[in-house]
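Laboratory data are not the source of any read-out in this text; all were calculated from the coordinates shown. Keep in mind that this is a model prediction, so the values were computed, not measured. All Cβ positions, even for glycine, are placed from backbone atoms using ideal geometry, and neighbour counts span all protein chains on display.
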């Protein structure tokens, strides 16, 4: 696949998004298998550490989606500016 300069960042963000989604799925599976609470070494119950992993992965996905949306908005802005410059050039003749 051929990528433009701006697309390199988009591709990297998509790769990070896939990684975060995989972590989210794995954490969810661990929560389903072991429950919200797990037994600690001393026998007491504690919160499943996978809950934190799931939360962090969800937060990472949200941040990546925001960055992808910002990039899309900037690309659309540049396209709009180019369209306007083209129209101005055509109308000036």
* **Stretch gain in nm, segment residue 58-residue 13, where the contour uses 0.36 nm per residue and the Cα spacing is subtracted** => 14.7 nm
* Could you put 90, 64 in order, starting from the residue whose Cβ has the fewest other Cβ atoms within 10 Å? -> 90, 64
